[in-house]
Structures are given as structure tokens and as C-alpha cells.
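Some notes on the structure that comes next.
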Amino acid sequence: MKVAESFSSIQGESTYAGTPCFFVRLAGCNLSCTYCDTVLSRGAGRSCEIAAIVEEFRGSGMPIAEITGGEPLLQEETPALAAALLAAGARTVLVETNGTRDIGVLPAGTVAVMDVKCPGSGCAGSFNPVNLDRLRRHDEVKFVLSDRADFDWAVAFVKRHALVGRCAAVLFSPVVIRLPPEELARWLLEARLLVRLQLQLHKSLGMP
């Protein structure tokens with residue numbers, strides 16, 4: 001597999017925020033979001049066998065693992081990596097994906113955290129609608145918002161596809177250099193929609 005980096009940190013996003021976690025960031029991405037904060041993942045990465053990644057996970061002692069990117073589902077070995085991490089003792093394996101690739105390839109026991117790209121990302125329209133039918137009750141859907149237009153777009157998407165109750169959580173996360181979190185919080189209160197405000201906890205802690 002092609003790996004950009006691997007490390008242990010506090011999980012900063014999703015409903016698993018605050019949990020110690022082993023991360024493997026796979027190299028390669030098929031999108032170029034305007035607010036991308038993981039530019040290094042666009043490189044070629046280093047070649048790494050699944051067995052070596054699993055051994056690093058075991059050595060970390062972390063209770064959960066996350067496969068992220070870039071876009072991890074660009075690599076056909078990703079489902080096998082997820083299965084191997086589960087077999088190695090991970091209580092949960094999160095797979096963060098940009099929603100362009102079929103999440104149906106992920107093995108049981110994984111949690112897909114699917115990012116639906118809003119207009120402010122510059123990649124709206126990239127979402128693969130087949131994934132709406134692939135969502136499982138324990139999966140999560142995320143929207144990263146740059147402004148009010150993104151918020152209104154995301155609210156309409158959530159309502160149109162009845163996402164609340166269809167998956168474990170719907171997450172709204174602000175691009176903080178564009179949208180103050182407190183402003184997003186006010187909009188959520190006004191909308192009275194059962195979605196979760198998500199802030200990047202690891203960045204607040206100064207961690208990777």
C-alpha cells in the first residue's frame with residue numbers, strides 16, 4: 001500500500017472524538033478541496049505491506065484505528081487493511097472517505113465517516129449517490145462548511161435524503177478560518193436539526 005504517514009493521537013473528529021487512536025493516512029486523493037489541510041497525502045507516499053501496518057498498530061497499543069487520506073478507497077487493498085486491523089484487535093476501525101467511492105466494499109465492523117463535499121470545497125457534485133444506499137446504521141456523515149451558503153446546502157441535503165436517523169450521526173464542521181464555530185452553533189440552534197457540531201479537537205490540543 002502507499003502510506004503518507006502513520007501515528008498515534010487523540011481522535012479529533014466524529015463521535016469518537018477524544019479517544020486515543022492509531023492513524024494510518026494513505027497517500028493519494030482524487031479531489032482538491034479549497035481548504036485541504038492534509039496536502040502531504042497527495043504525494044506518492046511510501047510502500048508498505050499490510051502486515052507491517054498491522055504490526056505498527058499492535059505496537060501502538062491504541063484501542064481504535066482510523067484509515068484516512070487523501071482518499072483511502074482509491075487503494076483496492078483498503079478493505080483488506082481494515083479487516084486485518086479488526087483481526088489484530090482494534091475495537092473499531094474508522095474509515096474516513098470523501099464519498100466519491102463505493103463504501104460498500106468496507107467489511108463489517110468498520111465505521112465509514114463519509115464527507116459530503118459542499119460548494120465551498122470546490123468539489124460539490126463529487127458525491128457518489130450509491131453511497132446513500134450503502135450507509136449502515138453505525139456509519140457517520142460529515143459536512144465541512146465554509147459559509148452560510150454551505151450550511152443551507154447541507155441542511156437541504158440532510159432533509160432531502162432523511163439522513164437523521166439513517167446513520168449514527170450527521171456532523172457539521174466549520175472551516176474555522178472562514179466560518180467562526182460560534183456562528184455555526186447559532187445557525188444550528190435556529191435550524192433545530194438533530195445534527196452534531198464538530199470541531200477538530202486534535203488541533204485545539206496542538207496534536208496531529
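The values are calculated or read from the model by the stated rules, or taken from the named source; none is laboratory data. Remember, predicted model here, so these are calculated numbers, not experimental data. In this analysis, Cβ positions are derived from the backbone assuming ideal geometry, glycine residues included, and neighbour counts consider all displayed protein chains.
Values computed for the structure shown
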item: Any hit, region 201-208, residues being over 21 Å from Ala82 (Cα atoms) and at pLDDT 95 or above; result: no
item: Qualifying residue in region 154-165 (condition: crowded, with 16+ Cβ neighbours inside 10 Å and within 24 Å of Glu66 (Cα to Cα)); result: yes
item: Unique residue being within 26 Å of Val175 (Cβ to Cβ), in contact with a Cys (Cβ under 9 Å, 6 or more places away or on another chain), modelled with pLDDT of 95 or more and part of a loop (DSSP other than H, G, I, E, B) when the list is Cys36, Cys29; result: Cys29
item: Residue satisfying all of: in region 39-63; among the polar types (S, T, N, Q) and at pLDDT 95 or above; surrounded by the fewest Cβ atoms within 10 Å (Cβ to Cβ) among these; result: Ser47
item: Cross-chain or 6+ apart pairs with Cβ under 6 Å, region 166-192 first and loosely packed, with under 11 Cβ neighbours inside 10 Å, then assigned to a loop (DSSP other than H, G, I, E, B); result: none
item: Out of Glu13, Glu5, Glu66, sole residue that is under 15 Å from the mean Cα position of the chain (by Cα), modelled with pLDDT of 95 or more, part of a strand (DSSP E or B) and not aliphatic (A, V, I, L, M); result: Glu66
item: Test: Arg101 is surrounded by fewer than 17 Cβ atoms within 10 Å (Cβ to Cβ), in contact with a helix residue (DSSP H, G or I) (Cβ under 7 Å, 6 or more places away or on another chain), at pLDDT 95 or above and not small (Gly, Ala, Ser); result: no
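Here is a yes/no grid of residues against (1) under 18 Å from Val113 (Cα atoms); (2) in contact with a Leu (Cβ under 9 Å, 6 or more places away or on another chain):
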residue: Gly12; (1), (2): yes, yes
residue: Cys33; (1), (2): yes, no
residue: Asp37; (1), (2): yes, no
residue: Ser47; (1), (2): no, no
